[in-house]
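Q: I am attaching a structure below and will ask some questions about it afterwards.
Just so you know, all these numbers are worked out from the coordinates, no wet-lab data involved. Remember, it's a predicted structure, so these values are computed and weren't measured experimentally. Glycine also receives a Cβ, built like all others from the backbone with ideal geometry; neighbour counts cover every protein chain displayed.
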Amino acid sequence: MPHRLGFGLGAIAILVLGAGAQFSSHVIPDVAWTLYLGQRILDGARLYVDLIEVNPPLIVWYTLVPVRLSRLLGVADIAVYRAGICLLCLLSTWLCDQLLRSHALAMDPARRRLLVLLVLFALIGLPREDFGEREHLMLVLSLPYVFLAAARAGGERIPVRLAIGVGLLAGLGIALKPYFLTLWLAVEAWLLVGGRVRSLADRIEALLVVSVCLLYLAAVFVVTPEYRTIVAALAGVYFGYLSNSLLVTALLGDGAAVPIFALLAFFALRSVRGGGPLETALAVATAGLYLSAVLQQKGWRYHFYPSMATGMVLLGAMALTVRRRAPFRIQRIYAAAVRVAAVLVPAFVLAGCARQIAVGRDAPYPADPDLARLVQVVRDLAPGGRVMVLSSNMASSFPLVTYAEVGWASRFPSLWLLAAVYWDEVRAEGPVSYRPPRARQGLEQYLSDAVTQDLAMARPEVILVLRSSPDVQGWGVRRLDYLRYLGMDPRFERLFGEYAPVADVGEYRVYRRGAVVSGPSLPPLHAAAASPPPSVSAGVQWGGVSRAMLAQAIVFCLALSAAYWRESRA
């Protein structure tokens with residue numbers, strides 16, 4: 001009874017802190033843009049024609065459900081989307097719990113409950129700023145598939161209905177992004193090579209994953225044939241934009257340390273603990289998801305989130321599976337580190353969630369630090385109207401449009417395509433040399449024409465322009481001078497002549513259509529800093545060390561020392 005009470009209280013605490021941190025914060029840019037796409041599609045817009053998106057359509061199709069429900073219920077689509085993700089997290093955790101009860105995994109009730117709590121944490125607490133991304137949704141839908149594979153490897157006979165449900169969910173998750181197929185390939189290769197599954201009848205879920213992905217592929221060709229044109233035109237330039245080498249991504253990607261440590265610990269401790277089917281399945285899944293992040297060559301945290309989550313569950317499974325005392329010092333160090341990480345990482349993250357709830361939307365982690373002020377300015381200058389933002393960063397536009405409750409005046413979420421076209425130039429030593437309109441071809445010509453056409457058709461009340469940096473090496477995409485580039489086209493220059501600057505808000509200059517300029521003129525539209533901050537540099541970023549991080553490091557080292565002493569005396 002005390003164990004069950006503790007489990008219930010723990011689950012409630014994780015749910016309240018994890019979900020509370022989301023509902024008290026601004027929605028992330030990717031989710032805000034995707035929900036906006038859903039709104040426009042329900043209003044009759046055509047994806048890949050009226051709205052340009054480089055990603056496959058499945059995530060947009062998913063958002064049609066919360067957008068439609070939000071209209072029926074009269075509540076914000078963001079709230080419906082977040083609530084739906086939370087419900088899926090609970091469903092996924094329940095399925096994992098059901099599979100952990102199998103005889104093949106041989107876990108006693110007390111340890112099973114602790115591992116289930118860690119699963120819930122990995123799905124609803126750990127995501128933080130990645131909540132609602134495709135990677136998050138994929139893991140929520142696919143994690144039971146990993147647990148089912150572990151039960152299969154242990155010789156467990158799985159009810160057909162459970163296998164069908166898990167397979168369908170995994171298919172709907174893996175289909176979200178081609179890179180996610182590495183999870184399916186890794187798990188199925190592990191089961192096949194080891195002879196752990198001998199017949200197709202035992203791989204119903206695997207066949208369903210393939211079937212769902214093939215049906216989705218067919219639907220893409222039938223429902224959105226324009227996507228083939230978009231992906232053929234944009235895929236190459238998008239892949240090269242902001243890319244790192246495979247080695248840099250693998251070793252220095254944001255979040256890569258967790259799966260690397262989990263896999264190293266698994267191999268180091270395999271002989272003394274953590275060598276069962278569950279631990280091995282989690283290690284295989286972590287490796288597959290880690291490979292998925294590395295192959296994308298961006299190094300972004302949300303790419304590594306799935307492997308971070310399965311890595312954390314793997315650490316918890318190893319910490320709860322005690323075989324015998326480790327004979328070698330390095331194994332004892334790993335064993336101590338596994339125990340400490342399995343306890344302190346959730347504690348630190350959930351403490352961050354509590355802080356997020358306490359400070360709300362004033363949290364120190366906004367996608368754009370000027371967001372709150374921009375929302376108020378746009379609301380005042382263009383109530384119910386339209387806005388255009390000239391910036392290569394989606395965070396400049398979304399969720400600004402969402403919270404200012406205005407329309408969006410562009411077919412693109414941002415001008416990332418301009419940054420991608422001039423990617424080599426913004427990293428070079430010399431000044432950026434923009435091609436005149438008559439010399440622009442292909443994607444560059446399409447972009448400049450599209451921006452001008454959108455401005456002419458939408459005629460937004462307000463235009464925000466991200467100020468350009470000094471045109472010197474090291475500033476990356478912040479070197480782009482949007483007005484200088486677009487103003488080389490006389491069509492854009494004529495249209496933009498209707499706008500006048502009315503204010504500077506943080507890193508942005510605000511222009512209003514038909515505004516009459518009075519008072520002193522605004523300073524030049526350039527950043528004045530002599531050296532670039534780390535946040536504008538391309539590739540993997542090194543952040544500063546805060547007091548909280550330093551305190552966490554000290555606590556971790558002290559706990560590791562105590563755990564190692566205990567391991568050595570066991």
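Q: With a cut-off of at most 11 other beta carbons within 10 Å, and DSSP calling the residue loop, which chymotrypsin sites (Phe, Trp or Tyr not before Pro) in the stretch 305-407 qualify? Please list them.
A: The qualifying sites are PHE328.
Q: Could you list the residues of the stretch 126-149 with an amide nitrogen less than 14 Å from a label point located 7 Å from the Cα of PHE23 in the Cα-to-C-beta direction?
A: Label zone hits: none.
Q: Can you give the extra length, in nm with one decimal, that the chain gains between ARG355 and LEU207 once fully stretched, where that is 0.36 nm per residue apart less the Cα-Cα distance?
A: 48.9 nm
Q: What is the distance, in nm, between label points placed 7 Å from the Cα along the Cα-to-Cβ direction at VAL75 and at LEU344?
A: With each label point 7 Å from Cα toward Cβ, the separation is 3.9 nm.
Q: At most 16 other Cβ atoms within 10 Å plus a DSSP loop assignment makes a site exposed; report the longest stretch of the chain without any exposed trypsin sites (Lys or Arg not before Pro).
A: The longest uninterrupted stretch comes out as 326-570.
Q: Using the alpha carbons of the stretch 254-379, what is the convex hull volume per residue in cubic angstrom, as a whole number?
A: In the stretch 254-379, the Cα convex hull volume per residue is 124 Å³.
Q: Given a Förster distance of 41 angstrom, what is the FRET efficiency for GLN473 paired with ASP43, based on the Cβ-Cβ distance and rounded to 0.05?
A: Computed FRET efficiency for GLN473 and ASP43: 0.40.
Q: Would the stretch 423-522 count as rounded, prolate or oblate if I go by the C-alpha gyration tensor, calling it rounded below 1.5 in a/c and otherwise prolate when a/b exceeds b/c, oblate otherwise?
A: Working: a/c = 2.38, a/b = 1.25, b/c = 1.90.
Verdict is oblate for the stretch 423-522.
Q: Using +1 at the Cβ of each Lys and Arg and -1 at the Cβ of each Asp and Glu in the chain, identify which of ALA503, TYR48, GLY8 lies farthest towards the dipole's positive end.
A: GLY8
Q: Oh, and also: So how tilted is helix 2-23 from the main axis of the chain? Cα-based, degrees 0 to 90, rounded to 10.
A: That works out to roughly 10 degrees.
Q: Pull out the extension gain between GLU405 and LEU246, defined as 0.36 nm times the separation in residues minus the alpha carbon to alpha carbon distance; nm, one decimal.
A: Result for the pair: 53.2 nm of gain on full extension.
Q: So for each of 552-559, 137-144 I average, over its residues, the number of other beta carbons within 10 Å; can you give me the resulting order with the highest mean first?
A: Highest mean packing first, the order is 137-144, 552-559.
Q: If you don't mind, there's one more thing I want to ask. As an exercise, use a Förster radius of 51 Å and the Cβ-Cβ distance of LEU443 and VAL160 to find the FRET efficiency, rounded to the nearest 0.05.
A: Values: r = 50 Å, r/R0 = 0.97.
Taking R0 as 51 Å, the efficiency between LEU443 and VAL160 is 0.55.
Q: Still on this structure, please answer the following. Ratio of the stretch 126-178's C-alpha Rg to 2.2 N^0.38 Å, to two decimals?
A: This ratio for the stretch 126-178 stands at 1.26.
Q: Follow-up. So what's Rg/Rh here for the stretch 160-304, counting alpha carbon atoms and using the Kirkwood radius for Rh?
A: 1.02
Q: Then there's this: Please name whichever of GLY407, VAL27, ALA337 sits farthest to the positive end of the charge dipole of the chain, dipole taken about the Cα centre and charges placed at Cβ: Lys and Arg +1, Asp and Glu -1.
A: Of GLY407, VAL27, ALA337, it is ALA337.
Q: Placing +1 at every Lys and Arg Cβ and -1 at every Asp and Glu Cβ, with all other atoms neutral, what dipole size does the chain have around its Cα centre, in debye to the nearest 20? Present the calculation step by step, with values, prior to reporting the outcome.
A: Values: 53 positive and 38 negative charges, 397 e Å.
Charge dipole of the chain: 1900 debye, to the nearest 20.
Q: Give the Debye-formula value of log10 I(q)/I(0) at each listed q (0.06, 0.10 Å⁻¹), with one equal scatterer per alpha carbon of the chain, two decimals each.
A: -0.33, -0.90
Q: When the chain is fully extended, how far beyond the present Cα-Cα distance does LEU214 get from LEU64, taking 0.36 nm per residue of separation?
A: 51.9 nm
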